[in-house]
Amino acid sequence: MSVRTAVVLAAGEGTRLRPLTRNRPKPMLPAANRPILEHVLDALVEAGMEQLVLVVGYRRDRVQEYFGPTYRDVPIEYVIQDKQLGSGHALLQAREAVDEAHVVVNGDRLVEAASVRTVVETFESDDAPATLAVIERPSVRQYGAVVLRDRDIADIVEKPQTDEYRLINAGIYAFEASIFEAIDATDRHEGELALTDTIADLIEDSRVRGVRTEGMWVDATYPWDLLEVCAEVLARGRVDQPEREDQVWVDDAATVHEAATLRPPVVVGPDAEIGPGAVVGPTVAVGRNGTVGANVTLERTVLDADSRVGAGST
């Protein structure tokens, strides 16, 4: 069974990231100087996906206008979740667009292409109707825990009250097309349909294969988490701009004054301007058309697109 279609859940608002999500969905927030969702699509394309289905909802125009009908020559189909009624409900919106086995990922978490490939290869070589990636974390309370027994998921613990757990749901799945029927049969809680509830039902009724993954896995829950996202992206060199020197990436359309200093790691996006005497970095991402004035000191900062830092600021 070959898996070449990916469904990306990108309809969420991200209320805990306000005010940054007032005019855009969470997946369009910057991971360094590119949207989080763009990094997610990179991972899927590099993992061999040949069709992308994006479930969009809140401020969906920002997603559709940015990516258009294709991404890196891979066709995109958009389906709409009008009301955010849970992750299971979001996946259910893709039912008419997907009639075969497929990958499902969250559009607001950075993941590695290698992790997606591991899930796909495990799913293709097994007879379980679902495969779920798990990743080890020192604290699981923010995400919920999973219990892995041999090669199968034995339990999903939504709000663990102890520190005995170390594995979390990485949000990378491979499903047979029958997942849509399983979601339909899942009980709603307070009007919402959670994908984890469907998986819990599958654990009881059949099997859910679990596979450990490693590598980049970063989630932004609050605005300040974007700093950690940026640091992770820069540490791994996940940027499009040419590398001017070690860990210093500057777009060809950017202007950096000869008297400015760039301290790695730092990335400067297209049409950005760095003024004289400015010291930018380490761990700084300057977005498209961003302006850093003269004699500015900027460290551990994500400067969003079209933002301006006045002269002499720290």
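The values are calculated or read from the model by the stated rules, or taken from the named source; none is laboratory data. Owing to the predicted nature of the structure, the values given are computational and were not obtained by experimental measurement. Positions of Cβ are generated from backbone atoms using ideal geometry, with glycine treated the same way; all protein chains shown enter the neighbour counts. Heavy atoms of the whole protein, side chains included, go into the accessibility calculation; ligands, DNA and RNA do not. Shrake-Rupley method; radii C 1.70, N 1.55, O 1.52, S 1.80 Å.
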### Query
When you scan the stretch 51-73, how many residues do you find that are buried (at least 16 other Cβ atoms within 10 Å of the Cβ) and farther than 24 Å from ARG22 by Cα?
4
### Query
What are the residue pairs meeting all of these: first residue in the stretch 70-88, first residue in a strand (DSSP E or B), second residue among the charged types (D, E, K, R) and surrounded by 11 or more Cβ atoms within 10 Å (Cβ to Cβ), Cβ atoms under 7 Å, and 6 or more apart or on different chains?
VAL74/GLU50; ILE80/ARG60
### Query
Can you tell me which residues in the stretch 240-256 are surrounded by fewer than 17 Cβ atoms within 10 Å (Cβ to Cβ) and of a type in the set (Gly, Ala, Ser)?
ALA253
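Condition check ((1) in a helix (DSSP H, G or I); (2) basic (Lys, Arg); (3) over 14 Å from ASN33 (Cα atoms)) across all residues:
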site: VAL229; (1), (2), (3): yes, no, no
site: VAL233; (1), (2), (3): yes, no, no
site: VAL239; (1), (2), (3): no, no, no
site: ARG244; (1), (2), (3): no, yes, yes
site: VAL267; (1), (2), (3): no, no, no
site: PRO270; (1), (2), (3): no, no, no
site: GLY277; (1), (2), (3): no, no, yes
site: PRO282; (1), (2), (3): no, no, yes
site: ASN289; (1), (2), (3): no, no, no
## Note on the structure
Filter the stretch 154-186 for residues that are assigned to a loop (DSSP other than H, G, I, E, B) and open to solvent by 70 Å² or more (accessible area, probe 1.4 Å); the one that is modelled with the highest pLDDT is ALA185
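Residues are listed down the side, and each one gets a yes or a no for (1) among the charged types (D, E, K, R); (2) loosely packed, with under 14 Cβ neighbours inside 10 Å; (3) within 17 Å of the chain's Cα centre (by Cα):
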residue: GLU258; (1), (2), (3): yes, yes, no
residue: ARG263; (1), (2), (3): yes, no, no
residue: ALA278; (1), (2), (3): no, no, no
residue: GLY290; (1), (2), (3): no, no, no
### Task
State yes or no: is THR118 surrounded by fewer than 19 Cβ atoms within 10 Å (Cβ to Cβ) and β-branched (Val, Ile, Thr)?
no
### Task
Could you give me the residue pairs with C-beta distances under 6 Å whose first residue belongs to the stretch 215-235 and is in contact (Cβ under 8 Å) with a residue 60 or more places away in the chain, whose second residue is in a helix (DSSP H, G or I) and among the hydroxyl-bearing types (Ser, Thr, Tyr) wherever it lies, and which are 6+ apart or on separate chains?
GLY215/SER115
### Summary
Here the qualifying pairs (Cβ atoms under 7 Å; residues six or more apart or on different chains; first in the stretch 142-153 and in a loop (DSSP other than H, G, I, E, B); second modelled with pLDDT under 85 and open to solvent by 100 Å² or more (accessible area, probe 1.4 Å)) come out as GLY144/LYS159
